[in-house]
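Throughout, read-outs are computed from the coordinates displayed, never taken from laboratory work. Everything numeric in this text was worked out from a predicted model, so none of it was measured. Reconstructed Cβ throughout: ideal geometry from the backbone, glycine too, with neighbour counts over all protein chains shown.
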Amino acid sequence: MDENEKSEDEEKLNEKLNDIKHIMHEHGLGCGNEIANIVREVHPNALTVVPLYRSCIAIEQTEEQKKEGVATIHAYGDPHWMGSDITLEALKSGDFYKKLLVSGDRQGPIVEYENEDKCKK
């Protein structure tokens, strides 16, 4: 096999890999949107719901939290990677849900998991 043939084969392979990468990326973005649709129902008073690649966050802030300079971030992951479907039940499980508290500080926001045990899983 000469250098030109090898180069053409590599180019074809790279093109196929890029096609697969694009398909998987689009699928991951779709998962984030699907999760966000459920999260909007769970957190109807959220300041914002942000679909991400294969995940989603919802940011909430109660009146009391506004006075304290605090907000809550609800973080949801994609159940697909563990063989589950994207459902409300799956999203509520500890495997795909984390709750973070964000408070302001002079040096910048402080982000803490509400339950440290979930952080260590």
Karplus-derived HN-Hα couplings along region 53-66 (A = 6.51, B = -1.76, C = 1.60, θ = phi - 60°), whole Hz, x at Gly and Pro: 5, 6, 6, 6, 10, 10, 10, 10, 8, 6, 4, 5, 5, 4
Residue exposure sequence - LEU13, LEU100 - by fewest surrounding Cβ within 10 Å: LEU13, LEU100
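Report the far tail of the P(r) of region 51-121, meaning the percent of Cα-Cα pairs longer than 20 Å.
Roughly 37 percent, rounded to a whole number.
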Rounded tilt (10° steps) of 3-42 against the dominant C-alpha axis of the chain: 20
Estimated [θ] at 222 nm from DSSP helical runs (n ≥ 4, -39500 (n - 2.57)) normalised by residues in the chain, nearest 500: -15000 deg cm²/dmol
Calculated mean projected area of the Cα convex hull in nm² (choose from [x] 6.7; [y] 10.4; [z] 11.6), label: [z]
Listed residues ARG106, ARG40, ARG54, most fluctuating in the chain (Gaussian network, C-alpha, under 10 Å): ARG106
Part-to-part distance (alpha-carbon centres) for region 6-83 and region 91-115, which is given in Å: 17
Positive-end extreme of charge dipole, the chain - chosen from GLN61, PRO51, ILE38 (charges on Cβ): GLN61
